[in-house]
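Participant: Pasting in a structure now, in structure tokens, and then I'll have a few things to ask.
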Amino acid sequence: MTTALDHVGKAKLTLSWRVRKQVMFLYEIDSDAIAAHVPPSLEAMEVRPGVSLIAIECLHYYSDHFREGYREFLEMVLTVAVQPDLSIDMPVPRFCMHAISVISDSPEFVEQEGHLLYTPTELVPGLRMEFSEDGGGVDIYDGTTPMVMCRNTHPNPPYDHKVLWGQYYTNTNGLQQGIWRWEGQMFEHMKAGDWGSFHPHPVFKGIDLSRIRGCYRQMMAKPETVTDVRFYHLGLVSDRAGSRRGE
Amino acid sequence: MKPRPEYYDYTYDMFIASIDGEQSEASRFSDWIDAAERDGVYAFEAPRLEGQKTMVHARRNDGTPLHLLNFSSYNYLGYGMHREVIDAAKAALDQYGLGACSSPVQAGTNELHKALEQQLIEFVGLPGRGVSLFSSGYAVNTGTISALMKRRHHIVIDKSAHMSILEGAQLARSKVHYFEHNDADHLKKILEEIAPTASRILVCTEGVFSADGDYGALDKIVPLAKSYGAQVLVDEAHSFGLCGKQGRGVAEELGVLDQVDYLVVTFSKALGGIGGAVITRHEIARYINWYARCRMFSCALDPAVTAGVTKALELAGGSDGAARRTRLQHNAAVLRGALEGHVNTGRSRSWIVPVIYGPENLSIPLADWLQRHGLDGSVMSFPAVPVNEARIRLFVTSEHDETQLQQCADIVRGAAVELEFTITKKGTP
Ligand SMILES: Cc1ncc(COP(=O)(O)O)c(C=O)c1O
């Protein structure tokens, strides 16, 4: 495990987490159904003409994060895939996501992430996740109300060690951008099958869920291993654009 | 184990776009190729020194001479190298010169084009239909679909369909729907939803799908689409001239040829040339001739190629073609037989035989390994195929002999052992 990664190019490490369970499902959605959630200076990536991608990412964090004895906690992230910025000095990003909505059951986490990465993170004390035994799927609830059922459609995920790089945008304090690095045992696939369901909830910010056309890609981390997730916040996009122009 | 270079993990989709103003996607993509070239593992774009025979001389970009078993050309019936075909092309070259040098609706049409149109109608056995010729198979789809379909119309496309169909739909700016590959039930659901209010619906699918080598379920999809009042476009790029009793394609083999509204064929595969055509109702073909923008505003099909493919079509329609088709089917079965049980050949039932090795990060070293071991087979990765289902795509031709088929299988099986993708390995998709 690389633990000395305190910077990438000029970007300094902002936050790092140890994750116990994690899945990320990407879904196809009609581009016009997601357009309102993409800031004007960004553009949603299309996998086919007229079809963009949103993602649901679920993370179950290890204990002791904020202080010794701090409980394990959960996060669910809703993002849309957008164009990356390949001028950033970093390994080529696997993909770039813009955060639409983030929820967690940990007030400390909501405060920390919102403060440092400018994510639109909100507290949902009743957030519950039931991960499947193979780690490939998860049922997400707010109390007893179902939100998303993410069903793994691969019968036997062959996990493998991987390092992934990506980028993110947030838009609660101007359009901000940053880098993420992910290291752990993972598997991804696009097998067809019963991938689950979405249920109305404020976390979806009014997105018309009936416009979701199916599951595009499923990514999963091997449960009960240590996944290392790091964020390197870069700041406002406009500042970087200015510095590129030599301003 | 030696650590893998980071760039092995890169995939094509990672360079599709960048929001910065400096085209960083191009410089990063170029860096990717440079890195592979520096490490001596870049096997793509190796220039060939001769035509698409079953063994070809080529040259690696570093200058290394190569003599390769050719399983990466879709010269399926060998007509691209056929003496009579080449002679016909040469004669046309002498008579008509190098290019048509004008749009087909202006001065670009010549007698050769008319003869090819006639020959196509006879070959497919659909008298009374019309033909619109294009300079590439790709342009047939972009031109035809965008000429006929507009904003308020609906286009319903098999999810595995070729990029030229998707791009045609994009140009048309119609409402686009995608049905799961070959899934008639899903198509039905979509049609049920849109048919009551749609003024025009076009369903698009293919004869043989080029990444998996499976057949389109045309016997289900075509009648279903028609029952909802939709029109159907079938792209027989990889099946025209290759299957069906008379070699007309999968629509013929599955008994629905006369129900297909737009039969799309290409000349770059079974006929060994370049160009394509849509065969449709006479008045619609005439309309496409004038309203397919990439046809109207582009030069007509090259005269030498036109004469060559006409000769190839003539041969394909006779006993020569029948014999080649029989050999093609036989060869494909031999290769599949030699691979099955060792590697994953997916759902292929045709002359396109995929070998699914899985992880994308094997693509660069595998392409290099195959080339260094004397096999030219094209490697396909995400996003052209689903993630973790990267594959070697082997094109079988009627011209391969048994020894070559066996050698090909041996090399692939050797690669599977070396790079660990034999099907006994846990987790192979
Ligand atoms: C299904 C399909 N349609 C169209 C084309 C484009 O044909 P061409 O290469 O002749 O332009 C291809 C190319 O391989 C194809 O596979």
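The values are calculated or read from the model by the stated rules, or taken from the named source; none is laboratory data. Quantities reported herein were computed from a predicted structural model and do not represent experimental measurements. Here the Cβ positions follow ideal geometry from the backbone for every residue, glycine too, while neighbour counts run over all protein chains shown. Side chains included, ligands, DNA and RNA excluded: accessible areas come from the protein's heavy atoms. Shrake-Rupley method; radii C 1.70, N 1.55, O 1.52, S 1.80 Å.
Participant: Counting only residues that are under 19 Å from A:V102 (Cα atoms) and away from chain B (no Cβ under 13 Å), give me the strands (runs of 3 or more DSSP E) lying completely in segment A:1-89 with at least 3 of them.
Facilitator: On the way: elements: A:15-30, A:46-48, A:51-61, A:73-82.
Of the strands (runs of 3 or more DSSP E) lying wholly inside segment A:1-89, those with at least 3 residues that are under 19 Å from A:V102 (Cα atoms) and away from chain B (no Cβ under 13 Å) span A:15-30, A:51-61, A:73-82.
Participant: Follow-up. Go through segment B:346-380 and give me each residue that's surrounded by 22 or more Cβ atoms within 10 Å (Cβ to Cβ), part of a loop (DSSP other than H, G, I, E, B) and away from chain A (no Cβ under 14 Å).
Facilitator: Correct list: B:S348, B:S350, B:W351, B:G377.
Participant: Okay, next question. Do we find a residue being facing chain A (nearest Cβ under 10 Å) and in contact (Cβ under 8 Å) with a residue 24 or more places away in the chain anywhere in segment B:146-158?
Facilitator: So far as segment B:146-158 goes, yes, one or more of its residues are facing chain A (nearest Cβ under 10 Å) and in contact (Cβ under 8 Å) with a residue 24 or more places away in the chain.
Participant: Mind checking which residues of segment B:204-233 are outside any strand (DSSP E or B) and within 16 Å of the ligand (Cβ to nearest atom)?
Facilitator: If the condition is that a residue be outside any strand (DSSP E or B) and within 16 Å of the ligand (Cβ to nearest atom), then B:G207, B:F209, B:S210, B:A211, B:D212, B:G213, B:D214, B:G216, B:A217, B:L218, B:I221 are the ones that fit.
Participant: Something else: What about B:I274, is it closer than 18 Å to B:L116 by Cβ, within 13 Å of the ligand (Cβ to nearest atom) and β-branched (V, I, T)?
Facilitator: So B:I274 passes the test.
Participant: Just the residues that are crowded, with 20+ Cβ neighbours inside 10 Å and either away from chain A (no Cβ under 13 Å) or of a type in the set (S, T, Y) (or both), please, taken from segment B:381-403.
Facilitator: Across segment B:381-403, the qualifying residues are B:S381, B:R391, B:I392, B:R393, B:L394, B:F395, B:V396, B:T397, B:S398, B:E399, B:H400.
Participant: Among all residue pairs at least 6 apart or on different chains, which show Cβ distances below 8 Å where the first residue, located in segment B:57-77, is more than 22 Å from B:E402 (Cα to Cα) and the second is charged (D, E, K, R)?
Facilitator: B:A58/B:R48; B:A58/B:D376; B:N61/B:E37; B:N61/B:E45; B:D62/B:E37; B:P65/B:R59
Participant: Another question, if that's okay. Against the definition (under 27 Å from A:A192 (Cα atoms) and not small (G, A, S)), how does A:L59 come out, yes or no?
Facilitator: Yes, satisfied.
Participant: Please go through segment A:196-210 and pick out each residue that is on the phi < 0 side of the Ramachandran plot and open to solvent by less than 60 Å² (accessible area, probe 1.4 Å).
Facilitator: A:S197, A:F198, A:H199, A:H201, A:V203, A:F204, A:I207, A:L209
Yes/no per residue for (1) more than 17 Å from the chain's Cα centre (by Cα); (2) more than 22 Å from B:G244 (Cα to Cα); (3) part of a loop (DSSP other than H, G, I, E, B); (4) more than 15 Å from the ligand (Cβ to nearest atom):
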position: B:A139; (1), (2), (3), (4): no, yes, no, no
position: B:I145; (1), (2), (3), (4): yes, yes, no, no
position: B:V156; (1), (2), (3), (4): yes, yes, no, yes
position: B:H177; (1), (2), (3), (4): yes, yes, no, yes
position: B:N182; (1), (2), (3), (4): yes, no, yes, no
position: B:E193; (1), (2), (3), (4): yes, yes, no, yes
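Participant: Right, here's the next one. Among the residues of segment A:130-157, write down those that are crowded, with 16+ Cβ neighbours inside 10 Å and either within 13 Å of chain B (Cβ to nearest Cβ) or aliphatic (A, V, I, L, M) (or both).
Facilitator: Across segment A:130-157, the qualifying residues are A:D134, A:G136, A:V138, A:I140, A:M147, A:V148, A:M149, A:T153, A:H154, A:P157.
Participant: Does segment A:37-49 contain at least one residue that is touching a His at 6+ places or on another chain (Cβ under 7 Å), within 30 Å of B:S160 (Cβ to Cβ) and not basic (K, R)?
Facilitator: Yes, some residue in segment A:37-49 is touching a His at 6+ places or on another chain (Cβ under 7 Å), within 30 Å of B:S160 (Cβ to Cβ) and not basic (K, R).
Participant: Within segment B:232-251, track down each residue that is without any contact (Cβ under 8 Å) to a residue 40 or more places away in the chain and open to solvent by 10 Å² or more (accessible area, probe 1.4 Å).
Facilitator: Hits for segment B:232-251 are B:G244, B:K245.
Participant: From the set of residues in segment B:158-167 that are part of a helix (DSSP H, G or I) and more than 10 Å from the ligand (Cβ to nearest atom), which is surrounded by the most Cβ atoms within 10 Å (Cβ to Cβ)? Before the answer, list the steps.
Facilitator: Taking segment B:158-167 as the starting set, the residues that turn out to be part of a helix (DSSP H, G or I) are B:163-167.
Filter again for more than 10 Å from the ligand (Cβ to nearest atom), leaving B:166-167.
Details: B:L166: 23, B:E167: 16.
Checking each candidate, the answer is B:L166.
Participant: A further question on this structure: Checking A:T172 against (1) surrounded by 16 or more Cβ atoms within 10 Å (Cβ to Cβ); (2) touching a Pro at 6+ places or on another chain (Cβ under 7 Å), only one condition comes out false. Which one?
Facilitator: (1) is the only condition that A:T172 fails.
Participant: Can you find a residue that is away from every other protein chain (no Cβ under 14 Å), crowded, with 23+ Cβ neighbours inside 10 Å, away from the ligand (no atom under 16 Å from the Cβ) and at pLDDT 95 or above anywhere in segment B:49-64? Steps first, answer last, please.
Facilitator: Start the filter on segment B:49-64 by keeping residues that are away from every other protein chain (no Cβ under 14 Å), which leaves B:49-64.
With crowded, with 23+ Cβ neighbours inside 10 Å added as a condition, the list becomes none.
Scanning segment B:49-64, I find no residue that is away from every other protein chain (no Cβ under 14 Å), crowded, with 23+ Cβ neighbours inside 10 Å, away from the ligand (no atom under 16 Å from the Cβ) and at pLDDT 95 or above, so the answer is no.
Participant: If we scan segment B:303-317, do we find a residue that is in contact with a helix residue (DSSP H, G or I) (Cβ under 6 Å, 6 or more places away or on another chain), touching a residue at least 24 places away in the same chain (Cβ under 8 Å) and of a type in the set (D, E, K, R)?
Facilitator: Scanning segment B:303-317, I find at least one residue that is in contact with a helix residue (DSSP H, G or I) (Cβ under 6 Å, 6 or more places away or on another chain), touching a residue at least 24 places away in the same chain (Cβ under 8 Å) and of a type in the set (D, E, K, R), so the answer is yes.
Participant: May I ask you to list the residues in segment B:17-48 that are among the hydrophobic types (A, V, I, L, M, F, W, C) and at the interface with another protein chain (Cβ under 7 Å from one of its Cβ atoms)?
Facilitator: The answer is B:A17, B:I19.
Participant: Within segment B:96-118, count every residue that is assigned to a helix (DSSP H, G or I), touching a helix residue (DSSP H, G or I) at 6+ places or on another chain (Cβ under 8 Å) and over 12 Å from B:A277 (Cα atoms).
Facilitator: Start the filter on segment B:96-118 by keeping residues that are assigned to a helix (DSSP H, G or I), which leaves B:96, B:111-118.
After this cut, where a residue has to be touching a helix residue (DSSP H, G or I) at 6+ places or on another chain (Cβ under 8 Å) as well, the list is B:96, B:112-113, B:115-116.
Okay, now just the ones that are also over 12 Å from B:A277 (Cα atoms), so B:96, B:112, B:115.
Counting residues in segment B:96-118 that are assigned to a helix (DSSP H, G or I), touching a helix residue (DSSP H, G or I) at 6+ places or on another chain (Cβ under 8 Å) and over 12 Å from B:A277 (Cα atoms) gives 3.
Participant: So for segment B:81-102 (the condition being surrounded by 19 or more Cβ atoms within 10 Å (Cβ to Cβ), away from every other protein chain (no Cβ under 12 Å), among the hydrophobic types (A, V, I, L, M, F, W, C) and farther than 28 Å from B:N289 by Cβ), does at least one residue qualify?
Facilitator: No, segment B:81-102 contains no residue that is surrounded by 19 or more Cβ atoms within 10 Å (Cβ to Cβ), away from every other protein chain (no Cβ under 12 Å), among the hydrophobic types (A, V, I, L, M, F, W, C) and farther than 28 Å from B:N289 by Cβ.
Participant: If you go through segment B:119-137, how many residues are in a helix (DSSP H, G or I) and either within 16 Å of the ligand (Cβ to nearest atom) or surrounded by 20 or more Cβ atoms within 10 Å (Cβ to Cβ) (or both)?
Facilitator: 4
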